[in-house]
Each structure stands twice: as structure tokens, then as C-alpha cells.
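Following: one structure in C-alpha cells, then a few remarks.
What follows is calculated from the coordinates using simple rules that are stated; it is not laboratory data. Predicted model, so just to flag it, every value in this text is computed and none were measured. Methodologically, a virtual Cβ is constructed for each residue, glycine included, from the backbone with ideal geometry; neighbour enumeration extends over all protein chains shown.
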Amino acid sequence: MHNIYMIELYIREKRLEKNLTQDKLSELSGISKSYIGDLERNEKEPTISILCRLAKALEVKVEELYKYYED
């Protein structure tokens, strides 16, 4: 079972730490605001590509996001 809920909390936490709105994170990552909202509500499961884009936008290593995504 994936720890999807944990990754969504981590994404939201990092976004808020950086004082980013979902709109701004969307702009920085090229991921739609609605998709980011779905991720943060645990309604979508991110792909590795999405994780890479979010990591870059949040200025964290992709490994930081991926560790919350592993089995």
C-alpha cells in the first residue's frame, strides 16, 4: 500500500512553508491548480513526472517527495 496521504501532506506543508498559493505552485510547476488541489485532498495519485515537477517548483530534491510515496 502506498503512503499517498503522507505525500499529499508533505506537498501541502512545503507549499505553505514557502508561502505559495496553489495558483503560484501551479504556475511554477506547470501543473494545473485543480490537479494540485486534487493531490492535496488525496484524490489523485501523482506520477513520477508530476513528483519531479513539484520537487523543482518547491525547491526540494525529488527524493524528498518520493520517500513519502514508497511502499
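The figures follow:
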| read-out | value |
| --- | --- |
| Projected label distance in nm at LEU9 and GLU27, using a 7 Å step from Cα toward the beta-carbon | 3.0 |
| Net dipole in debye of segment 4-66 [+1 Lys, Arg Cβ; -1 Asp, Glu Cβ; about Cα centre; nearest 20] | 160 |
| Longest site-free stretch - the chain; sites: trypsin sites (Lys or Arg not before Pro), DSSP loop, at most 16 other Cβ within 10 Å | 19-40 |
| Hull volume in cubic angstrom per residue (convex hull over the Cα atoms of segment 4-66) | 67 |
